[in-house]
Amino acid sequence: QVQLVESGGGLVQPGGSLRLSCAASRSISLVNSMAWYRQAPGKQREFVALVNSGGSTAYADSVKGRFTISRDNTKNTAYLQMNGLKPEDTAVYFCQAQYRVGLYWGQGTQVTVSS
């Protein structure tokens, strides 16, 4: 079993920045990919960003140019740097890790963008 713990969420004004962290209980050098998803109230969970084992990244069109995903294998942690935040970015953000032995999710962290 793998535990993923997100942190770094909070309340921020439009145009502000936050950095989310996802700490894994198992080495992330073993993962095929790590990703961030988000779920706004009344909406389905949606893909935000992904980084694979080779370091390649992918982003949802809505966050391209504003968000950056990264990983630090030495700390078993993935990050999501979010700049230029908009009210429509308000959601619970979830971390996902695809290990060879299974797919795991964190419990989520709330991000609220409001003035």
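The values are calculated or read from the model by the stated rules, or taken from the named source; none is laboratory data. All values reported here derive from a predicted model rather than from experimental measurement. Cβ atoms come from the backbone with ideal geometry, glycine included; neighbour counts cover every protein chain shown. Keep in mind that these areas ignore ligands, DNA and RNA; they rest on the heavy atoms of the full protein, side chains included. Shrake-Rupley method; radii C 1.70, N 1.55, O 1.52, S 1.80 Å.
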- Item | the chain, accessible surface, carbon-and-sulfur percent (1.4 angstrom probe) | 47 percent
- Give, in whole angstrom and from largest to smallest, the semi-axes √(5λ) of the equivalent ellipsoid of segment 1-77, with λ running over the eigenvalues of the Cα gyration tensor. 22, 15, 13
- Query: Which of the aspartates and glutamates could be linked to Lys75 by a straight reach, that is with a Cα gap under 12 Å, when you skip same-chain ones fewer than 8 residues away?
  - Reply: none
- Query: With springs only between Cα atoms under 10 Å, which of Pro14, Pro87, Pro41 fluctuates most in a Gaussian network model of the chain?
  - Reply: Pro41
- For segment 30-38, Karplus-derived ³J(HN,Hα) couplings (6.51, -1.76, 1.60; θ = phi - 60°; whole Hz; x for glycine and proline) come out as 8, 7, 7, 7, 10, 9, 10, 10, 9
- Task: Treat every Asp and Glu Cβ in segment 8-69 as -1 and every Lys and Arg Cβ as +1, leave all other atoms uncharged, and give the resulting dipole magnitude about the Cα centre to the nearest 20 debye.
- Result: 80 debye
- Message: Skipping prolines and chain starts, which residues have an amide H placed within reach, meaning under 5 Å, of the one on Gly16, given they are 5 or more residues away or on another chain?
- Response: Leu85
- Could you name the aspartates and glutamates whose alpha carbon sits less than 17 Å from that of Lys64, not counting residues in the same chain fewer than 8 places away? Glu46, Glu88, Asp89
- Charge context of Ser114, other residues only, Cβ under 15 angstrom, K/R +1, D/E -1: -1
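Relative contact order of the chain: what whole-number percent is it, with Cα pairs under 8 angstrom and at least 6 residues apart?
On the way: 283 pairs, mean separation 43.1, N = 115.
The normalised contact order for the chain reaches 37 percent.
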